[in-house]
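What follows is a short report on a single structure.
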């Protein structure tokens, strides 16, 4: 993908079925010579789905939580993104998305047809890791969701939205550090090992 100079590139995806989990006992903090400890059991209080659009140039993220993960919610999110972004007239908006069926429904296609400034790029099947918003999902999971205790879906949504606000106060774009040659050489090495495994 090589967008025009003044184009806006948004990586869009959903982190579906984020669970509001509450541990049965509080976390026991780190101490000298003692790792953090927590109970293995927890109570479930429902789920939410986080829809997010990452601006590749600035690192800013537009996000919304919805109770379900269907094309109707995705369409609402597209409308929210459209209303949220500031742009000059004639600016192309390139959307990087995976091949999930929700992104290709007739209703979504109709909306995109009515908004010709949006240009869609689908990642290859089983390669959604190429979408930079996945890196953001890893960050929010590690820094906020995984270690959190949430007694309701409302508290989980609030924690997610607070994290988005904090992130957007000082956003930084994600930058690929591995070039294509390095990635392809690693794939070739794996293929050689598999080929010589005798299986």
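The values are calculated or read from the model by the stated rules, or taken from the named source; none is laboratory data. For clarity, every value in this text was computed on a predicted model and none was experimentally measured. Quick reminder, even Gly has a Cβ in these numbers, built from the backbone with ideal geometry, and neighbours come from all protein chains shown.
What to note about this one:
- The stretch 11-50, residues that are exposed (fewer than 14 other Cβ atoms within 10 Å of the Cβ), modelled with pLDDT under 75 and not in a strand (DSSP E or B): 24, 25, 26, 27, 29, 30, 33, 35, 36, 39, 40, 41
- Test: residue in the stretch 172-180 that is in contact (Cβ under 8 Å) with a residue 24 or more places away in the chain, part of a helix (DSSP H, G or I) and touching a strand residue (DSSP E or B) at 6+ places or on another chain (Cβ under 8 Å): no
- The set of residues from the stretch 146-158 being surrounded by 18 or more Cβ atoms within 10 Å (Cβ to Cβ) and under 17 Å from the mean Cα position of the chain (by Cα) comprises 156, 157.
- Condition broken by residue 115, with the remaining ones in (1) in contact (Cβ under 8 Å) with a residue 24 or more places away in the chain; (2) under 22 Å from the mean Cα position of the chain (by Cα) satisfied: (2)
- Of the residues making up the stretch 106-159, those that are more than 29 Å from residue 183 (Cβ to Cβ), in contact with a strand residue (DSSP E or B) (Cβ under 6 Å, 6 or more places away or on another chain) and part of a helix (DSSP H, G or I) number 4.
- The stretch 93-106 - residue that is surrounded by 11 or more Cβ atoms within 10 Å (Cβ to Cβ), modelled with pLDDT of 90 or more and out of contact with any helix residue (DSSP H, G or I) (no Cβ under 6 Å at 6 or more places or on another chain) and, of those, farthest from residue 12 (Cα to Cα): 93
- In the stretch 63-105, residue nearest to residue 172 (Cα to Cα) [restricted to those that are in contact (Cβ under 8 Å) with a residue 60 or more places away in the chain and assigned to a strand (DSSP E or B)]: 63
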